[in-house]
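See structure below.
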């Protein structure tokens, strides 16, 4: 009898080890909720009908208040504060929610971009401006506190268009604020790594879907993150864009289709992938 129990324990130990070795976790993060109505609707749809588990919210975005109402109705959707210092679109702009003269252009909007590129003339890049880290901290704090006051399920921070990683000083600031507000996620301790890229604004929805399924099928045991931007190809999104990225609605509609695709959901299930959120990493 004793030997039988020993055998059972050994088999369970082996089974647990095999199971751990085959464990694949995927965090599907969607960005930019609050910047448009189309994005808000698609964000909720890809959570309710698809595989998205965490959404990043732009607090100074013009559709933030609608996003708040939607997120209160979907308390299971994990939320991150998508710290923003840029307003990149030509026809859709936003400003700081604090007094931050070093962070804005001559019209009082956030600069369109962080880093200089050849598509826009000088005067459009925050990195070239004489920005003040004290104003950055005040603005980040205001965005965090507004989000936490209005949205119950905020768990983490992220940076819109890389604004959290402009310099070592901004990296250290965001880490400090995350720990201070209880929003820190130690990604390294969980081995979180970026999943292979599957999307791109030159790809059709069908190509995106095929790439996503191929990516899923090739995943090895581990914990992965994939980040994308859902929206719909509607009248609102037809007005949104900037030089070098004019087909925003079509591109992001394709992302939405992939994240709600029956074929994608089947591939995730067949592979045994466990969908997680940032809340699961805390």
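What follows draws every value from the coordinates through simple rules; no lab data is involved. Here the structure is a predicted model, which means the values were calculated and not measured. Don't worry about glycine lacking a Cβ; one is built from the backbone with ideal geometry, like all the others, and counts go over all protein chains shown.
Between residue 197 and residue 97, the simple label model (points 7 Å from Cα in the Cβ direction) yields a spacing of 3.2 nm.
The modelled label-to-label distance between residue 117 and residue 148, using points 7 Å beyond Cα along the C-beta direction, is 3.3 nm. Taken along the Cα-to-beta-carbon direction at a fixed 7 Å, the label points for residue 227 and residue 168 span 2.2 nm. Label zone of residue 128 (point 7 Å out along Cα→Cβ, amide N under 16 Å): in the stretch 240-275 this covers 243.
Listed by Cβ neighbour count within 10 Å, with the fewest neighbours leading, 256, 204 appear as 204, 256. On the basis of the beta-carbon distance and an R0 of 25 Å, residue 24 and residue 245 show a calculated FRET efficiency of 0.20. Arranged from fewest to most other beta-carbon atoms within 10 Å of their beta carbon, 165, 229, 37 become 165, 37, 229. Considering only 111, 47, 245, the mean-square fluctuation computed in a Gaussian network model of the chain, springs between alpha carbons under 10 angstrom, is largest for 245. Relative to the longest principal axis of the Cα atoms of the chain, the long axis of helix 262-271 makes an angle of roughly 50 degrees. Of 238, 199, 54, the residue with the greatest mean-square motion in the GNM of the chain, using alpha carbon springs below 10 Å, is 238.
Add -39500 (n - 2.57) for each DSSP H run of 4 or more in the chain, then divide by its residues: what number comes out at 222 nm, to the nearest 500 deg cm²/dmol?
On the way: 8 runs with 108 residues, N = 282.
Taken over the chain, the calculation gives -12000 deg cm²/dmol.
When the chain is treated as a GNM with alpha-carbon contacts under 10 Å, the residue of 228, 209, 246 showing the greatest mean-square fluctuation is 246.
At 0.36 nm per residue, minus the direct Cα-Cα distance, what do residue 48 and residue 65 gain on full extension? Give it in nm, one decimal, please. Let's see the in-between values first.
Values: separation 17, 0.36 × 17 = 6.12 nm, distance 1.98 nm.
Additional length available on full extension: 4.1 nm.
Cβ crowding within 10 Å, taken as a proxy for footprinting-reagent exposure, orders 252, 149, 95, 29 from fewest neighbours to most as 149, 95, 29, 252. Helix 248-259 versus the longest principal axis of the chain: what angle, 0 to 90°, nearest 10, using Cα atoms? For helix 248-259, the angle is close to 20 degrees.
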